[in-house]
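Enquirer: Dropping a structure here in C-alpha cells format, bear with me for questions.
The values are calculated or read from the model by the stated rules, or taken from the named source; none is laboratory data. This one's a predicted model, so the numbers in the text were calculated from it and none came from an experiment. Note that each Cβ is placed from the backbone with ideal geometry, even for glycine, and that neighbours are counted across all protein chains shown.
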Amino acid sequence: MTTFRTSTDPAREVAADLLIVPVVEGDGGAGLKETGLADAYAAARLTGKKGEDLLVPRRDHDRFAAANVLLVGIGPKDQVDVNSLRRSLAKAVAGVRRFPSVATTFAQAVPARQAADAVQAVVEAIDLGSYRFGRYKTAKDDGALAKVTVLVPSRADAKAMKRAARTGEIVGDAVGWARDLVNTPAGDLPPAEIAREAQKMAKQVGLTCKVWSENQLKQGGFGGILGVGKGSANPPRMIELRYTGAGKRTPIALTGKGIAFDSGGLSIKDAAGMETMKCDMGGAASILATMKVIAQLEPKINVIAAIPSAENMPSGTAQKPGDVITHRGGTTSEVLNTDAEGRLILADSLAFLAEQEPSCIVDTATLTGACMVALGADIAGAFGNDDALAQELVTAGAAVGEPIWQMPLWIEYKQLIESKVADVKNVGKRYGGAITAALFLSEFVGDTPWVHLDIAGPAFHESATDLGPAGATGVPVRALVRFVLDRAGA
C-alpha cells in the first residue's frame, strides 16, 4: 500500500530513494538547474521530448539528497498541462517501482493556480502507473512503491494540497479496484461474486446496497437480465446502490453493463473472440468504483446505481434467436442475435432507474465493436437524448484525460430495429451498429435525460499504455467522478 504526503521542501533537500523531475523540451529545465544535472542530460543527447528519461545515481559532488534522480521529458512548454503530466509520470513510474520511497516535483510543472489539480493528477499517475494485477502470480512482486512525497510550490495552501492528494488517492485506489474486477477471470467472478464484492465495498464506505436475486428479478419483471442469464449455471443478479448526500434532492442515476462472461450464447463467438470476454463487465466495474469514490468524497448530491449482471452462455436452457422477452416496464424485444446481449440487460436497469424519476441517467458499457471502428481504442462514444448532458460528460472526460466524443443518436435509424413480432429487435443492419444499439437503449428511458457511454475501446487494452499495463484500464471512472462532482458543485 502506497502512502502519500505533500511537502513544500526544496527538491534538493528531500531524502528519498528516487527523485522524479520533469524536463521541459528545449528550455534547459528548472529541474536540471536545481539538481545540477544539466551536463548529464546534455551528455545523453536528450532534449526533454516526451518519453525521454535518464536515471542518474547521486555522485559525491551532486547538490541533491536523493539517492537517484530520474529526469523525465514532458515535451514543449505550450503542450504541458495536467493531463499530459499524468500520462508522462504514470509511464515513468511503471519502470521505477523497485524504489521504495519516491519524491517528485511534477506538480510544480504547471502554473500555481492549477496546483491542486496537478497534485491530484500526480497521485493518480503514481497509482495508475504502478498498478499490477498479481492475484495469480506465484512469484512475489517486490516492486510496489511504499512512500511518495509530492513536492508542491512553497506558497501553496497546505490544506488544499493535502485534500487534493487525498482525492487522488481515493480515485486511484478505486480505479485499481475496477481494474482488478475486470482482470479477474470469469470463473472466479460470476454474477453472485460481483454482487458480493459490491456488498463488501458498500459496507466499507457506507453505501446502501441491495442485491436482487434471481427470484426477485422474476417477480420484478426483469426479462432481459433473466433471458441473458438463463443459459448459465450461475444465476444473474442486479446490484442496487444508493448514496444520499443531499437530503431529498432528485438523484442522478448510473448503470453499467455487467456481463460476467460473454460467449455469445447460441450465437456463439469464435475462440479468439472469447479470449478477453472477462472484460465485458467493464461498465459494471466502472459504476461500482465510481460509487465507491462518491461515498468517500461525500459530495452534496444523491446518486442511485442499478447494475445488472449475467453470464451469456450456450446450453439447452439458453435463449434462442427469435425468442421474444418482456423487459421491466412491459416493453418487448425480439432477440435475433444472442451476442447482442448487453443491451438486453441494460434495458431492464434503465427502465428501473427511469421509474425512480432521476434528474438524468448515465450508462457505461463495452457494447459494440462498431464504436471501436469509429473511434479507436482510446475514445468512448457518447449517445443520448440530451445534448447538454452529453457535453457535461465530454467536458468531464477532457478535464481528467479520459476522452469522450459525442456521437449522433440518429432517429431515422430507429426503423432498422423495428420488429415484426415485438416492440423492438436487438440488432439492426451491419452499418451504424453503435447507433442502433444506443437507439435500442433509448426505448427504455422514457423522457429522462440520458447518455450512453460505449466504452468498448478504452475499457480494456491488449498492450500497455502510458497509464498502465495491458488489461483493464478502469475507464471511465475518473470521468464519471468528475461529472458527479461538477453536478454537485464540488
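Enquirer: Is it the case that some residue within region 151-167 is touching a residue at least 24 places away in the same chain (Cβ under 8 Å), assigned to a strand (DSSP E or B), outside the structural domain of VAL477 (by TED's automatic domain parsing) and closer than 23 Å to SER84 by Cα?
Expert: For region 151-167, residues touching a residue at least 24 places away in the same chain (Cβ under 8 Å), assigned to a strand (DSSP E or B), outside the structural domain of VAL477 (by TED's automatic domain parsing) and closer than 23 Å to SER84 by Cα: present.
Enquirer: Right, another one. Here is a check on your reading of the model: is LEU393 crowded, with 20+ Cβ neighbours inside 10 Å and either of a type in the set (Val, Ile, Thr) or over 15 Å from the mean Cα position of the chain (by Cα) (or both)?
Expert: For LEU393, the condition - crowded, with 20+ Cβ neighbours inside 10 Å and either of a type in the set (Val, Ile, Thr) or over 15 Å from the mean Cα position of the chain (by Cα) (or both) - is not met.
Enquirer: Just name the residue that is nearest to SER267 (Cα to Cα) out of those in region 351-366 that are of a type outside the set (D, E, K, R) and part of a helix (DSSP H, G or I). Break it down into steps so the answer makes sense when it comes.
Expert: Taking region 351-366 and keeping what is of a type outside the set (D, E, K, R), we get 351-354, 356, 358-362, 364-366.
So of that shortlist, the ones also part of a helix (DSSP H, G or I) come out as 351-354.
Working: ALA351: 26, PHE352: 27, LEU353: 29, ALA354: 30 Å.
Top of the filtered list is ALA351.
Enquirer: While we're looking at this one, here's another question. Name the residues in region 301-343 that are among the acidic types (Asp, Glu), within 13 Å of ASP262 (Cα to Cα) and out of contact with any Ser or Thr (no Cβ under 6 Å at 6 or more places or on another chain), would you?
Expert: Of everything in region 301-343, just one residue is among the acidic types (Asp, Glu), within 13 Å of ASP262 (Cα to Cα) and out of contact with any Ser or Thr (no Cβ under 6 Å at 6 or more places or on another chain), namely GLU341.
Enquirer: Specify which of the listed residues (ARG113, ARG135, ARG163) is among the basic types (Lys, Arg) and modelled with pLDDT of 95 or more.
Expert: Step by step, each of ARG113, ARG135, ARG163 is checked, and only ARG163 is among the basic types (Lys, Arg) and modelled with pLDDT of 95 or more.
Enquirer: Can you find, within region 255-282, the residue that is surrounded by the fewest Cβ atoms within 10 Å (Cβ to Cβ) among those that are under 21 Å from GLY224 (Cβ atoms) and polar (S, T, N, Q)?
Expert: Once the filter is applied, the top-ranked residue is SER267.
Enquirer: Follow-up question, since we're still on this one. Please go through region 53-73 and give me each residue that is surrounded by 14 or more Cβ atoms within 10 Å (Cβ to Cβ) and either in contact with a helix residue (DSSP H, G or I) (Cβ under 9 Å, 6 or more places away or on another chain) or β-branched (Val, Ile, Thr) (or both), ordered by number.
Expert: If the condition is that a residue be surrounded by 14 or more Cβ atoms within 10 Å (Cβ to Cβ) and either in contact with a helix residue (DSSP H, G or I) (Cβ under 9 Å, 6 or more places away or on another chain) or β-branched (Val, Ile, Thr) (or both), then ASP53, LEU54, VAL56, ASP62, PHE64, ALA65, ALA66, VAL69, LEU70, LEU71, VAL72, GLY73 are the ones that fit.
So that you can scan it fast, the table gives a plain yes or no per residue for (1) more than 19 Å from the chain's Cα centre (by Cα); (2) more than 21 Å from VAL211 (Cβ to Cβ); (3) of a type in the set (Asp, Glu):
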position: PRO235; (1), (2), (3): yes, no, no
position: PRO251; (1), (2), (3): yes, no, no
position: SER263; (1), (2), (3): yes, yes, no
position: LEU266; (1), (2), (3): yes, yes, no
position: MET277; (1), (2), (3): no, yes, no
position: GLY282; (1), (2), (3): no, no, no
position: ALA285; (1), (2), (3): no, no, no
position: ALA289; (1), (2), (3): no, no, no
position: VAL303; (1), (2), (3): no, no, no
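Enquirer: Determine whether region 409-420 contains at least one residue that is acidic (Asp, Glu) and touching a residue at least 60 places away in the same chain (Cβ under 8 Å).
Expert: Keep residues of region 409-420 that are acidic (Asp, Glu), which gives 412, 418.
Narrowing further to those that are touching a residue at least 60 places away in the same chain (Cβ under 8 Å): none.
No - not one qualifying residue is present in region 409-420.
Enquirer: Test LEU393 against the stated conditions and say whether it is assigned by TED's automatic domain parsing to the domain that holds ALA434 and touching a Phe, Trp or Tyr at 6+ places or on another chain (Cβ under 8 Å).
Expert: Considered against the rule, which asks whether it is assigned by TED's automatic domain parsing to the domain that holds ALA434 and touching a Phe, Trp or Tyr at 6+ places or on another chain (Cβ under 8 Å), LEU393 comes out as yes.
Enquirer: Further question on the same structure: Pick from ASP60, ASP9, ASP17: which is more than 14 Å from THR149 (Cα to Cα) and not small (Gly, Ala, Ser)? Reasoning before the result, please.
Expert: Details: ASP9 fails: more than 14 Å from THR149 (Cα to Cα); ASP17 fails: more than 14 Å from THR149 (Cα to Cα).
Going through ASP60, ASP9, ASP17 in turn, just one is more than 14 Å from THR149 (Cα to Cα) and not small (Gly, Ala, Ser): ASP60.
Enquirer: Let me ask you something else. Going by the structure shown, is ALA399 within 30 Å of GLN120 (Cα to Cα), in contact (Cβ under 8 Å) with a residue 40 or more places away in the chain and in contact with a Lys or Arg (Cβ under 8 Å, 6 or more places away or on another chain)? Steps first, please.
Expert: Numbers: within 30 Å of GLN120 (Cα to Cα): yes; in contact (Cβ under 8 Å) with a residue 40 or more places away in the chain: yes; in contact with a Lys or Arg (Cβ under 8 Å, 6 or more places away or on another chain): yes.
So ALA399 fits the description; yes.
Enquirer: If you don't mind, there's one more thing I want to ask. Condition first: under 24 Å from the mean Cα position of the chain (by Cα), buried (at least 23 other Cβ atoms within 10 Å of the Cβ) and over 27 Å from ALA125 (Cβ atoms). Can you find one or more residues in region 421-430 that meet it?
Expert: no
Yes or no, residue by residue, for (1) assigned to a helix (DSSP H, G or I); (2) over 25 Å from the mean Cα position of the chain (by Cα); (3) surrounded by fewer than 23 Cβ atoms within 10 Å (Cβ to Cβ); (4) aliphatic (A, V, I, L, M):
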position: GLU311; (1), (2), (3), (4): no, no, no, no
position: PRO314; (1), (2), (3), (4): no, yes, yes, no
position: ALA318; (1), (2), (3), (4): no, yes, yes, yes
position: ARG328; (1), (2), (3), (4): no, yes, no, no
position: ASP339; (1), (2), (3), (4): no, no, yes, no
position: LEU346; (1), (2), (3), (4): yes, no, no, yes
position: SER349; (1), (2), (3), (4): yes, no, no, no
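Enquirer: Go over the candidates VAL373, VAL400 one by one and state the one that is in the same structural domain as ALA456 (by TED's automatic domain parsing) and over 19 Å from GLY433 (Cα atoms).
Expert: VAL400
Enquirer: For region 361-384, which positions are surrounded by fewer than 24 Cβ atoms within 10 Å (Cβ to Cβ), in contact with a helix residue (DSSP H, G or I) (Cβ under 6 Å, 6 or more places away or on another chain) and not β-branched (Val, Ile, Thr)?
Expert: Within region 361-384, just ALA370 meets the criteria.
Enquirer: For region 89-129: of the residues being in contact with a Gly (Cβ under 8 Å, 6 or more places away or on another chain) and small (Gly, Ala, Ser), which is surrounded by the fewest Cβ atoms within 10 Å (Cβ to Cβ)?
Expert: In this case the residue turns out to be ALA94.
Enquirer: Which members of region 1-28 meet the condition of being over 12 Å from SER101 (Cα atoms) and buried (at least 18 other Cβ atoms within 10 Å of the Cβ)?
Expert: Passing the criteria: THR6, ALA11, VAL21, PRO22, VAL23, VAL24, GLU25.
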